[in-house]
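Down below is the structure, laid out as structure tokens.
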Amino acid sequence: MLGKLLTRFLRGAPAPAAPAPAPAPGDADNPLFEYFLDNPGRLIDKWHHYLEVYHRHFARFRGKSPVIVEIGVWQGGSLQMWHDYFGAGCRVVGIDIDPRCLEFADANTTILIGDQGSREFLATVREQVPRIDILIDDGGHFVAQQIATFEELYPHIQPNGVFLCEDMHSSLWRRFGGGVRHEGSFLEYSKALIDSLSAWHSEEPELLSVNRFTESTFSMHFYNSVLVIEKRPMAYPGHSRSGARAF
Ligand SMILES: C[S@@+](CC[C@H](N)C(=O)[O-])C[C@H]1O[C@@H](n2cnc3c(N)ncnc32)[C@H](O)[C@@H]1O
């Protein structure tokens with residue numbers, strides 16, 4: 001398949017403004033990469049390496065009728081891509097501040113219009129979307145919006161679901177409320193969550209103790225501009241030894 005993809009890449013795919021993406025090692029068997037190159041639908045805007053990241057963390061949901069919520073609909077192209085990737089039975093919920101996106105609603109696609117920076121609006125999302133398997137934040141990219149979205153919707157994602165925030169380089173930009181190592185950026189906020197993953201072992205409970213995030217999170221994955229958090233019900237980890245002692 002990689003050869004086929006390379007051929008397409010060399011001959012030039014019908015890309016919109018940017019050059020066609022070159023396949024990364026993880027794209028050899030990535031249906032998202034193939035879809036993106038030959039996009040039969042509406043416009044999609046993605047940094048190339050995001051396709052590999054998606055496939056890494058989303059593949060286990062294919063064919064399982066998941067509920068995908070994407071904040072940031074724009075031209076509606078990525079909503080079509082999710083339907084193609086996850087297959088029949090998948091429900092896609094697109095959230096955008098632009099009411100023109102309502103035209104992308106259909107039998108399997110719900111569009112909600114609102115501001116992801118508003119906690120009141122996000123509370124209505126919880127009511128209107130009782131189940132979320134995957135949440136993708138590709139909306140306004142202001143760090144305050146990303147933090148509000150994470151705080152209001154992360155606990156609402158299914159116990160084995162996935163949270164993905166993209167374009168986190170906005171945390172490096174002052175005009176988006178960030179700046180390098182700027183306290184209060186979503187990047188710094190999420191770095192602090194790393195400690196909570198291992199809070200089971202904290203000897204200083206006044207500084208770090210097990211919380212809801214510890215008990216509901218299996219892993220955090222930082223990529224260029226992307227954070228993926230995989231949920232899983234967690235308890236104090238088991239530990240044992242096996243094999244013969246050497247000395
Ligand atoms: C980068 S585009 C989304 C691209 C789309 N996900 C794709 O892959 O093709 C960002 C979208 O977020 C929307 N947006 C901006 N601020 C928002 C906010 N505060 N709440 C919800 N959506 C917002 C914009 O209207 C725009 O459609």
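Where a number appears in this text, it was derived from the coordinates with a stated rule and is not lab data. Note that the coordinates shown come from a computational prediction; the quantities given were computed from them, not determined experimentally. We place every Cβ from the backbone using ideal geometry, glycine too, and count neighbours over all the protein chains shown.
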Review point. Where the centroid of each part is defined by its Cα atoms, how far is the range 114-135 from the range 62-93 in Å?
Key: 16 Å
Check your understanding: Once the piece of chain linking HIS239 and LEU102 is laid out straight, how much longer is it, given 0.36 nm per residue of separation minus the C-alpha distance between them?
Key -> 44.2 nm
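Would you mind getting me the FRET efficiency between HIS182 and ARG126? Use the beta-carbon distance for r and R0 = 30 Å, nearest 0.05. Don't skip to the end; give the middle numbers.
On the way: r = 29 Å, r/R0 = 0.97.
Step by step, r from the Cβ atoms, then E = 0.55.
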Review point. Taking only C-alpha pairs under 8 Å that are 6+ residues apart, what is the relative contact order of the chain in percent?
Key: 12 percent
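For Cα pairs less than 8 Å apart in space and 6+ apart in sequence, what is the mean separation divided by the residue count of the range 68-180, i.e. the relative contact order in percent? The partial results should precede the final answer.
On the way: 192 pairs, mean separation 27.0, N = 113.
Relative contact order comes out at 24 percent.
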Exercise for review: Would you grab the residues whose amide H sits under 5 Å from the one on VAL226? Only those 5+ places off in sequence or on another chain, please, with H modelled 1.01 Å from N.
Suggested key: MET168
Exercise for review: Evaluate E = 1/(1 + (r/R0)^6) for ASP29 and GLU203, where r is the Cβ-Cβ distance and R0 equals 45 Å; express this FRET efficiency to the nearest 0.05.
Suggested key: 0.50
Check your understanding: Counting only residues 5 or more places away or on other chains, whose amide H sits under 5 Å from the amide H of LEU112 once H atoms are built in the peptide plane?
Key -> GLY94, ILE95, ASP96
Check your understanding: Straight-line reach from LYS64: which aspartates and glutamates have Cα under 16 Å away, leaving out those fewer than 8 places along the same chain?
Key -> ASP84, ASP133
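Given 0.36 nm per residue, what is the gain on full extension from ARG232 to HIS48 after removing their alpha carbon distance, in nm? Kindly include the intermediate steps, with their values, before the conclusion.
Working: separation 184, 0.36 × 184 = 66.24 nm, distance 2.81 nm.
That works out to 63.4 nm of additional length.
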Study note, to complete from the structure: Neighbour-count ranking for ARG175, ARG245 (other C-beta within 10 angstrom, fewest to most) reads ARG245, ARG175
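TRP173 to ASP38: FRET efficiency via 1/(1 + (r/R0)^6), r the Cβ-Cβ distance, R0 35 Å, to the nearest 0.05? Mind showing how you got there, number by number?
Values: r = 33 Å, r/R0 = 0.94.
According to the calculation, E is roughly 0.60.
Among ARG212, ARG56, ARG241, which comes first, then next, by fewest other beta-carbon atoms within 10 Å?
Details: ARG212 10, ARG56 14, ARG241 5.
Taking fewest neighbouring Cβ atoms as first place, the list is ARG241, ARG212, ARG56.
For ILE71, ILE132, ILE95, what's the fewest-to-most ordering of other Cβ within 10 Å of each Cβ? Before the final figure, lay out each step's value.
On the way: ILE71 25, ILE132 22, ILE95 29.
Going from sparsest to densest Cβ surroundings: ILE132, ILE71, ILE95.
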Review point. Given the C-alpha centroids of the range 206-220 and the range 146-185, what is the distance between them in whole angstrom?
Key: 17 Å
